[in-house]
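What follows is a set of notes on a single structure, which appears directly below.
The values are calculated or read from the model by the stated rules, or taken from the named source; none is laboratory data. Computed from a predicted model, the values in this text were never measured in an experiment. Quick reminder, even Gly has a Cβ in these numbers, built from the backbone with ideal geometry, and neighbours come from all protein chains shown.
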Amino acid sequence: MMKERLEQLRSLMAERHIDAYMIPTSDFHESEYVGEYFKAREFMTGFTGSAGTAVITKDEAGLWTDGRYFVQAGMQLSGTGIELRKMGIPGVPDIMEYLETVLPDGGKLGFDGRVVNCCQGEELEEKLADKHVTIVYEEDLVDQIWSQRPALSKEPVWILDETYAGKSASEKISDLREEMKKEKATVHLLTTLDDIVWLLNIRGNDVSCNPVVLSYAMVTMERFYLFINEEVLNDEVKAYLKELSVTVCPYQDIYVSVGQLRDQRILMETGRTNYAIVKGIDSSNRIIDRMNPTVLAKAMKNSVEVENMKKAHVKDGTAMVKFIYWLKKNVGHETITEVSAQELLDKLRSEQEGNLGISFDTISAYGANAAMCHYKATSESDAVIEPKGLYLVDSGGQYYEGTTDVTRTVAVGPLTNEEREHFTLTVISMLRLAAVKFLYGCRGLTLDYVAREPFWSRGINFDHGTGHGVGYLLNVHERPNGIRWRMVPERQDNCILEEGMITSDEPGVYIEGSHGVRTENLIVCKKAESNEYGQFMEFEFLTMVPIDLEALDPSLMTERDITLLNDYHKAVYEAVAPHLTKEEALWLKEQTRTI
């Protein structure tokens, strides 16, 4: 089947004299997750992983993906005629290097310009300029052979009440226009879905796990144009948007409208805008390229949002406690697998009042599988959870009161000394980072050492960031705040930590073939004292889920570490116990006992 699809694509390429065609994993909005309509790379290759790019030429077909998916991709690509290109492995060219090699002088590179961001498109232009390569971006060739392609998502839009949002959409739009004035911008183009729905206090369900709406926005000082499928708007939402002076336009008309702009100063973030939109802007306009002003405003949660997030985490903590209690009680007495455990946890969350689904695909990993940071249990890999070692679950929910993300590693039986040590170091790291006090002006880069010192002092490291920003009933990964030890410019997560920013605190240890440990809480940044040295800042825990004392080695902890854990456990018990059965509450009391 894949070979037949490749031949059909190559036939279309030959008609257009295209020498290579690139198919990324992306939608029109640079979303982290993509809907069924946008899974063109999966359709063409059969590879179902969440990350990867295919490149098809007349004679070759390759799929580039990262280490998370080498095994899976190898199996799924077998017999398709598509070669797995393992990103980051010595001797494997990256996509840019490959294209520079295979494209002939004066050749043509094709892709759908709506699913490639402007920066990547311009980089391709620059790198291939010496070979005088032409970029052909106006057609989606896969669409022409995908006869049963799913329709674009058309989930209903609903209004997020101000009791949850904490600030009206009219105020947010007014603030945005003030930022436009500072940049002397006459037009602002906004294509990132979380920014648009945050700005308008609306939500939807067009992207898995993210309650967003397929849309574009064009804002001037007088008008607000929302490009959206009008079918998703009921009368209430239409009236609401009209009251905000929002003009509703057909979703696809953004390309025509952008092409009609003349002599404007356009504020936009080209790295988060697709190539087709930017290429359609007339040269008489001036582009002001900077991060969307909504990004910082959205990240600084207001007091209503913070209080609501605390409520969401009590609900989420209740589901998590019920899950861990069940797991501890039943492992070894009945067959529990990674998938069946995940299904129960997802169900327990769904039963919480105001739950709107999960915030990302649950990571349910036992033993050696937990050593893979982004492991996803499937029917092929589904391991039985045995009464020994460690089980890791990383999960989260979407609630009217906010978004959660929590990881717990649980002892399901006897542990080795190494497992116990790694578990304890991870807990120490998480607690110490959350307890730091720092002067305003610090970034995550400044604070990361607090989390890594317990590991680095023992010659251990974890190869991922320590923390990422989290949205409010939005994306579980949100710019511009984060905590990591070195700069990764493309992540754009090293801003000054501001009051109201919510960040994950998630150190870990991963021993290939043996075990993985991660402990993750969400923390909110807030002001501490202000004195002659300046404004001090600190964090407060949002997550309310116990740490497994059975896996802990208190001899590795300082007196302060133990106090921090005891104080946290006291808060967990007081918050969650009232929402449990009598048996569960008694169990939680023991799990949060003073040590």
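Can you find, within region 449-474, the residue that is nearest to residue 518 (Cα to Cα) among those that are of a type in the set (S, T, N, Q) and out of contact with any Pro (no Cβ under 9 Å at 6 or more places or on another chain)? Walk me through how you get there before you give the answer.
Narrowing region 449-474 to residues of a type in the set (S, T, N, Q): 457, 461, 466.
Those left that are additionally out of contact with any Pro (no Cβ under 9 Å at 6 or more places or on another chain): 457, 461.
Numbers: 457: 18, 461: 12 Å.
Ranking the candidates gives 461 first.
Hey, among 453, 380, 386, which residue is in a helix (DSSP H, G or I), of a type in the set (D, E, K, R) and either farther than 30 Å from residue 211 by Cβ or outside the structural domain of residue 490 (by TED's automatic domain parsing) (or both)? Can you show your working first?
Numbers: 380 fails: in a helix (DSSP H, G or I); 386 fails: in a helix (DSSP H, G or I).
That would be 453, the only listed residue that is in a helix (DSSP H, G or I), of a type in the set (D, E, K, R) and either farther than 30 Å from residue 211 by Cβ or outside the structural domain of residue 490 (by TED's automatic domain parsing) (or both).
Listed here are the residues, each with its yes/no results for (1) outside the structural domain of residue 134 (by TED's automatic domain parsing); (2) over 15 Å from residue 143 (Cα atoms); (3) not polar (S, T, N, Q).
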| site | (1), (2), (3) |
| --- | --- |
| 14 | no, yes, yes |
| 19 | no, yes, yes |
| 22 | no, no, yes |
| 25 | no, no, no |
| 34 | no, yes, yes |
| 37 | no, no, yes |
| 63 | no, yes, yes |
| 68 | no, yes, yes |
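Evaluate region 496-503: report whether one residue or more is over 17 Å from the mean Cα position of the chain (by Cα), under 25 Å from residue 317 (Cα atoms) and buried (at least 23 other Cβ atoms within 10 Å of the Cβ). Scanning region 496-503, I find no residue that is over 17 Å from the mean Cα position of the chain (by Cα), under 25 Å from residue 317 (Cα atoms) and buried (at least 23 other Cβ atoms within 10 Å of the Cβ), so the answer is no.
Please enumerate the residues belonging to region 495-505 that are farther than 15 Å from residue 452 by Cα and either acidic (Asp, Glu) or modelled with pLDDT under 95 (or both). Can you show your working first?
Filtering region 495-505 for residues farther than 15 Å from residue 452 by Cα gives 495-503.
Result: 498, 499.
Only a single item in (1) farther than 17 Å from residue 232 by Cα; (2) touching a His at 6+ places or on another chain (Cβ under 7 Å); (3) not aromatic (Phe, Trp, Tyr) is not met by residue 193, and it is number (1). Evaluating residue 570 against the criteria (1) under 27 Å from residue 454 (Cα atoms); (2) surrounded by 14 or more Cβ atoms within 10 Å (Cβ to Cβ) leaves one unmet condition, (2). May I ask you to verify whether residue 52 is of a type outside the set (A, V, I, L, M, F, W, C), buried (at least 18 other Cβ atoms within 10 Å of the Cβ), within 23 Å of residue 275 (Cα to Cα) and in contact with a Ser or Thr (Cβ under 6 Å, 6 or more places away or on another chain)? Taking the combined requirement at face value, the residue satisfies it. Has region 123-139 got any residue that is modelled with pLDDT of 95 or more and under 19 Å from residue 39 (Cβ atoms)? Yes. Considering each residue of region 6-42, count those that are part of a helix (DSSP H, G or I) and surrounded by 19 or more Cβ atoms within 10 Å (Cβ to Cβ), and give that number. Within region 6-42, residues that are part of a helix (DSSP H, G or I) and surrounded by 19 or more Cβ atoms within 10 Å (Cβ to Cβ) number 7.
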